[in-house]
Amino acid sequence: MTESVNFNVIGTIDSPYKEKFAIPRQPGIVTAAQGQLRLTGLANNDELVRGLEQFSHIWLLFVFHGTQSQGWKPLVRPPRLGGNKKLGVFATRSTFRPNPIGMSVVKLDRIEQCSAGQNNVGQKTSQVILHISELDLLDGTPIIDIKPYVPYADIIENAHGGYAQNQPSNNITIIFSKAALQTLADNITLYPSLQSLIEQVLKQDPRPAYKQNKTDDKIYGMSLYHFNIKWQMSDLSTLQVMTIEATTNHTV
(Lines give C-alpha, C1' and ligand atoms only; values in the text may rest on other atoms or scores of the structure.)
Protein backbone atom coordinates (compact mmCIF):
# COMPACT_ATOMS: atom_id res chain seq x y z
CA MET A 1 0.00 0.00 0.00
CA THR A 2 1.30 3.45 -0.92
CA GLU A 3 1.57 5.56 2.23
CA SER A 4 2.53 8.87 0.69
CA VAL A 5 2.22 10.67 -2.63
CA ASN A 6 4.14 13.71 -3.83
CA PHE A 7 2.60 16.36 -6.08
CA ASN A 8 4.19 19.07 -8.16
CA VAL A 9 2.82 22.60 -7.98
CA ILE A 10 1.52 23.53 -11.43
CA GLY A 11 0.65 27.16 -10.77
CA THR A 12 0.18 29.96 -8.27
CA ILE A 13 -2.80 32.20 -7.57
CA ASP A 14 -2.73 35.99 -7.66
CA SER A 15 -5.68 36.98 -5.49
CA PRO A 16 -7.14 40.14 -3.96
CA TYR A 17 -7.26 38.28 -0.63
CA LYS A 18 -3.91 38.97 1.03
CA GLU A 19 -4.79 37.35 4.34
CA LYS A 20 -7.05 34.54 5.54
CA PHE A 21 -9.44 36.88 7.39
CA ALA A 22 -12.44 37.96 5.26
CA ILE A 23 -11.98 35.34 2.53
CA PRO A 24 -15.48 34.05 1.67
CA ARG A 25 -16.08 30.60 3.09
CA GLN A 26 -17.14 29.19 -0.29
CA PRO A 27 -16.39 30.06 -3.93
CA GLY A 28 -18.98 31.76 -6.12
CA ILE A 29 -20.38 33.93 -3.32
CA VAL A 30 -18.26 37.03 -4.00
CA THR A 31 -18.62 37.45 -7.75
CA ALA A 32 -16.53 40.66 -7.86
CA ALA A 33 -13.39 38.82 -6.75
CA GLN A 34 -11.00 38.56 -9.69
CA GLY A 35 -7.61 36.87 -9.85
CA GLN A 36 -5.11 35.06 -11.99
CA LEU A 37 -3.64 31.58 -12.09
CA ARG A 38 -0.08 31.64 -13.42
CA LEU A 39 1.11 28.24 -14.58
CA THR A 40 4.64 27.28 -13.57
CA GLY A 41 7.35 24.78 -14.47
CA LEU A 42 6.46 22.13 -17.02
CA ALA A 43 2.79 23.09 -16.68
CA ASN A 44 3.53 26.54 -18.11
CA ASN A 45 2.76 25.31 -21.60
CA ASP A 46 -0.24 26.36 -23.68
CA GLU A 47 -0.70 22.78 -24.86
CA LEU A 48 -1.92 21.81 -21.37
CA VAL A 49 -4.87 24.22 -21.57
CA ARG A 50 -5.83 23.65 -25.20
CA GLY A 51 -9.62 23.39 -25.33
CA LEU A 52 -10.12 24.61 -21.77
CA GLU A 53 -11.52 27.90 -23.06
CA GLN A 54 -14.69 25.98 -24.00
CA PHE A 55 -15.64 25.75 -20.32
CA SER A 56 -17.12 28.60 -18.30
CA HIS A 57 -15.91 27.21 -14.96
CA ILE A 58 -13.03 25.06 -13.72
CA TRP A 59 -12.18 23.06 -10.64
CA LEU A 60 -8.97 24.05 -8.87
CA LEU A 61 -7.28 21.62 -6.49
CA PHE A 62 -4.94 23.46 -4.17
CA VAL A 63 -2.90 23.41 -0.97
CA PHE A 64 -4.02 25.31 2.13
CA HIS A 65 -0.59 26.87 2.43
CA GLY A 66 -1.72 29.59 4.85
CA THR A 67 -2.61 27.09 7.60
CA GLN A 68 -0.56 24.06 6.58
CA SER A 69 2.06 24.57 9.31
CA GLN A 70 -0.62 24.43 12.03
CA GLY A 71 -1.34 20.77 11.40
CA TRP A 72 -4.77 19.17 11.49
CA LYS A 73 -7.52 18.24 13.92
CA PRO A 74 -9.97 15.31 13.91
CA LEU A 75 -12.73 17.58 15.25
CA VAL A 76 -13.37 21.16 14.15
CA ARG A 77 -15.98 23.86 14.77
CA PRO A 78 -17.74 24.82 11.49
CA PRO A 79 -18.51 28.57 11.29
CA ARG A 80 -21.87 27.63 9.74
CA LEU A 81 -22.88 26.20 13.13
CA GLY A 82 -21.75 29.31 14.98
CA GLY A 83 -18.45 27.78 16.06
CA ASN A 84 -20.19 26.10 18.99
CA LYS A 85 -20.46 22.50 17.79
CA LYS A 86 -17.68 20.09 16.88
CA LEU A 87 -17.87 17.83 13.85
CA GLY A 88 -15.43 15.43 12.24
CA VAL A 89 -13.10 17.26 9.88
CA PHE A 90 -14.27 15.09 6.96
CA ALA A 91 -17.81 16.40 7.55
CA THR A 92 -16.57 19.96 6.98
CA ARG A 93 -14.49 22.02 4.56
CA SER A 94 -12.08 23.09 7.27
CA THR A 95 -8.51 23.92 6.24
CA PHE A 96 -7.11 21.77 9.05
CA ARG A 97 -7.12 18.41 7.28
CA PRO A 98 -4.84 15.32 7.35
CA ASN A 99 -3.79 16.40 3.86
CA PRO A 100 -4.18 20.21 3.47
CA ILE A 101 -5.90 19.97 0.10
CA GLY A 102 -8.85 22.10 -0.97
CA MET A 103 -10.98 22.38 -4.08
CA SER A 104 -12.88 25.30 -5.53
CA VAL A 105 -15.01 25.99 -8.58
CA VAL A 106 -14.06 29.30 -10.16
CA LYS A 107 -15.24 31.14 -13.24
CA LEU A 108 -12.79 31.01 -16.16
CA ASP A 109 -12.90 34.42 -17.82
CA ARG A 110 -10.13 33.98 -20.39
CA ILE A 111 -6.76 32.36 -21.05
CA GLU A 112 -3.77 34.51 -21.92
CA GLN A 113 -0.31 33.67 -23.20
CA CYS A 114 2.13 36.55 -22.90
CA SER A 115 5.86 37.13 -23.17
CA ALA A 116 7.85 36.53 -20.00
CA GLY A 117 11.23 37.77 -21.21
CA GLN A 118 14.25 35.55 -21.86
CA ASN A 119 15.79 32.61 -20.09
CA ASN A 120 19.44 32.15 -19.13
CA VAL A 121 20.47 31.22 -22.67
CA GLY A 122 18.66 34.12 -24.31
CA GLN A 123 15.59 32.20 -25.50
CA LYS A 124 12.22 33.93 -25.40
CA THR A 125 9.89 32.58 -22.76
CA SER A 126 6.12 32.85 -22.38
CA GLN A 127 3.68 32.80 -19.50
CA VAL A 128 0.28 31.11 -19.53
CA ILE A 129 -2.23 32.93 -17.35
CA LEU A 130 -5.78 31.85 -16.54
CA HIS A 131 -7.91 34.87 -15.64
CA ILE A 132 -10.50 33.75 -13.11
CA SER A 133 -13.21 35.24 -10.89
CA GLU A 134 -15.59 34.28 -8.07
CA LEU A 135 -12.60 32.79 -6.26
CA ASP A 136 -12.13 32.17 -2.53
CA LEU A 137 -8.37 31.61 -2.55
CA LEU A 138 -5.58 33.26 -0.57
CA ASP A 139 -2.94 35.12 -2.57
CA GLY A 140 -0.04 32.80 -3.38
CA THR A 141 -2.09 29.60 -3.13
CA PRO A 142 -0.27 26.67 -4.81
CA ILE A 143 -2.39 24.85 -7.39
CA ILE A 144 -1.86 21.12 -7.94
CA ASP A 145 -4.50 20.38 -10.59
CA ILE A 146 -7.07 21.93 -12.92
CA LYS A 147 -10.18 20.16 -14.18
CA PRO A 148 -13.05 21.44 -16.32
CA TYR A 149 -16.39 21.88 -14.59
CA VAL A 150 -18.86 19.61 -16.38
CA PRO A 151 -22.44 20.67 -15.55
CA TYR A 152 -24.28 17.43 -16.39
CA ALA A 153 -21.98 15.45 -14.10
CA ASP A 154 -21.08 18.00 -11.43
CA ILE A 155 -24.59 19.28 -10.74
CA ILE A 156 -26.49 16.71 -8.70
CA GLU A 157 -30.13 17.62 -8.41
CA ASN A 158 -31.88 16.88 -5.12
CA ALA A 159 -28.54 16.49 -3.32
CA HIS A 160 -28.77 16.96 0.45
CA GLY A 161 -26.30 19.37 2.07
CA GLY A 162 -26.75 18.58 5.75
CA TYR A 163 -26.17 21.66 7.90
CA ALA A 164 -25.11 23.65 4.79
CA GLN A 165 -28.09 23.03 2.53
CA ASN A 166 -28.68 26.68 1.64
CA GLN A 167 -26.51 29.76 1.28
CA PRO A 168 -26.66 31.89 4.43
CA SER A 169 -28.90 34.91 4.02
CA ASN A 170 -27.83 38.37 5.12
CA ASN A 171 -29.53 41.72 5.39
CA ILE A 172 -26.45 43.82 6.09
CA THR A 173 -26.36 47.29 4.57
CA ILE A 174 -22.86 48.55 3.71
CA ILE A 175 -22.22 52.27 3.97
CA PHE A 176 -19.01 54.17 3.17
CA SER A 177 -17.58 57.23 4.88
CA LYS A 178 -16.75 60.28 2.78
CA ALA A 179 -13.05 59.50 3.10
CA ALA A 180 -13.59 55.91 1.93
CA LEU A 181 -15.66 57.05 -1.05
CA GLN A 182 -12.93 59.50 -2.02
CA THR A 183 -10.32 56.73 -1.99
CA LEU A 184 -12.56 54.57 -4.18
CA ALA A 185 -12.96 57.47 -6.62
CA ASP A 186 -9.20 58.08 -6.70
CA ASN A 187 -8.53 54.44 -7.58
CA ILE A 188 -11.46 53.64 -9.85
CA THR A 189 -9.28 53.42 -12.97
CA LEU A 190 -6.97 50.73 -11.60
CA TYR A 191 -9.54 49.02 -9.36
CA PRO A 192 -12.98 49.55 -10.97
CA SER A 193 -14.64 46.73 -9.01
CA LEU A 194 -13.11 47.53 -5.61
CA GLN A 195 -16.31 48.93 -4.11
CA SER A 196 -18.36 45.93 -5.24
CA LEU A 197 -15.69 43.58 -3.89
CA ILE A 198 -15.69 45.29 -0.49
CA GLU A 199 -19.49 45.24 -0.31
CA GLN A 200 -19.79 41.57 -1.28
CA VAL A 201 -17.08 40.47 1.15
CA LEU A 202 -18.53 42.42 4.07
CA LYS A 203 -22.09 41.28 3.41
CA GLN A 204 -20.88 37.81 4.42
CA ASP A 205 -20.02 39.20 7.88
CA PRO A 206 -16.42 37.94 8.13
CA ARG A 207 -16.28 38.33 11.90
CA PRO A 208 -15.63 35.19 13.99
CA ALA A 209 -18.61 32.85 13.99
CA TYR A 210 -19.36 33.37 17.68
CA LYS A 211 -19.83 37.12 17.08
CA GLN A 212 -22.31 36.85 14.25
CA ASN A 213 -25.88 37.93 15.02
CA LYS A 214 -24.48 39.95 17.93
CA THR A 215 -23.73 43.63 18.36
CA ASP A 216 -20.04 44.46 18.18
CA ASP A 217 -18.40 47.91 18.32
CA LYS A 218 -14.89 46.67 17.54
CA ILE A 219 -13.08 48.22 14.58
CA TYR A 220 -11.92 45.49 12.20
CA GLY A 221 -9.37 45.57 9.40
CA MET A 222 -8.94 43.51 6.26
CA SER A 223 -6.64 43.55 3.25
CA LEU A 224 -7.91 43.46 -0.33
CA TYR A 225 -5.49 43.94 -3.20
CA HIS A 226 -3.11 46.54 -1.78
CA PHE A 227 -5.59 48.31 0.45
CA ASN A 228 -6.10 48.18 4.19
CA ILE A 229 -9.82 48.58 4.94
CA LYS A 230 -11.14 49.52 8.39
CA TRP A 231 -14.80 48.83 9.17
CA GLN A 232 -17.24 48.55 12.02
CA MET A 233 -20.69 47.10 12.67
CA SER A 234 -22.95 50.05 13.51
CA ASP A 235 -25.72 47.61 14.43
CA LEU A 236 -26.80 44.11 13.39
CA SER A 237 -28.00 45.31 10.00
CA THR A 238 -25.53 48.11 9.18
CA LEU A 239 -21.80 48.03 8.57
CA GLN A 240 -19.70 51.13 7.93
CA VAL A 241 -16.48 51.21 5.94
CA MET A 242 -14.48 53.86 7.76
CA THR A 243 -11.21 54.11 5.85
CA ILE A 244 -9.56 52.59 2.78
CA GLU A 245 -5.80 53.11 2.76
CA ALA A 246 -3.34 52.07 0.07
CA THR A 247 -0.46 50.15 1.60
CA THR A 248 1.83 50.38 -1.48
CA ASN A 249 2.03 52.18 -4.80
CA HIS A 250 1.40 48.88 -6.59
CA THR A 251 -0.39 49.09 -9.94
CA VAL A 252 -2.23 46.42 -11.92
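A few notes on this one:
- Residue in the range 136-149 that is within 25 Å of residue 23 (Cα to Cα), open to solvent by 40 Å² or more (accessible area, probe 1.4 Å) and not in a strand (DSSP E or B) present: yes
- Residue match in the range 44-56 (condition: outside any helix (DSSP H, G or I), free of Cβ contacts under 8 Å to residues at least 24 places away in the same chain, open to solvent by 50 Å² or more (accessible area, probe 1.4 Å) and not aliphatic (A, V, I, L, M)): yes
- Selection status of residue 66, within 18 Å of the chain's Cα centre (by Cα), assigned to a loop (DSSP other than H, G, I, E, B), touching a residue at least 24 places away in the same chain (Cβ under 8 Å) and within 28 Å of residue 18 (Cβ to Cβ): yes
- Hits in the range 213-239 - residues which are among the β-branched types (Val, Ile, Thr) and part of a strand (DSSP E or B): 219, 229, 238
- Per-region count, the range 162-212, residues in contact (Cβ under 8 Å) with a residue 60 or more places away in the chain and not in a helix (DSSP H, G or I): 16
- Taking the range 75-105 as the range and being part of a loop (DSSP other than H, G, I, E, B) and either surrounded by 18 or more Cβ atoms within 10 Å (Cβ to Cβ) or at pLDDT 95 or above (or both) as the test, the residues that pass are 78, 92, 94, 95, 97, 100.
- Of the residues making up the range 183-215, those that are touching a strand residue (DSSP E or B) at 6+ places or on another chain (Cβ under 6 Å), open to solvent by 20 Å² or more (accessible area, probe 1.4 Å) and under 18 Å from residue 80 (Cα atoms) number 0.
- Among residues of the range 151-177 being among the aliphatic types (A, V, I, L, M) and open to solvent by less than 40 Å² (accessible area, probe 1.4 Å), the one that is modelled with the highest pLDDT is 174.
The values are calculated or read from the model by the stated rules, or taken from the named source; none is laboratory data. Just so it is clear, the structure is predicted and the values come from calculations on it, not from any experiment. Glycine gets a Cβ as well: all are built from the backbone with ideal geometry, and neighbour counts include every protein chain shown. Remember, those area values only see protein heavy atoms, side chains included, never the ligands or the DNA or RNA. Shrake-Rupley method; radii C 1.70, N 1.55, O 1.52, S 1.80 Å.
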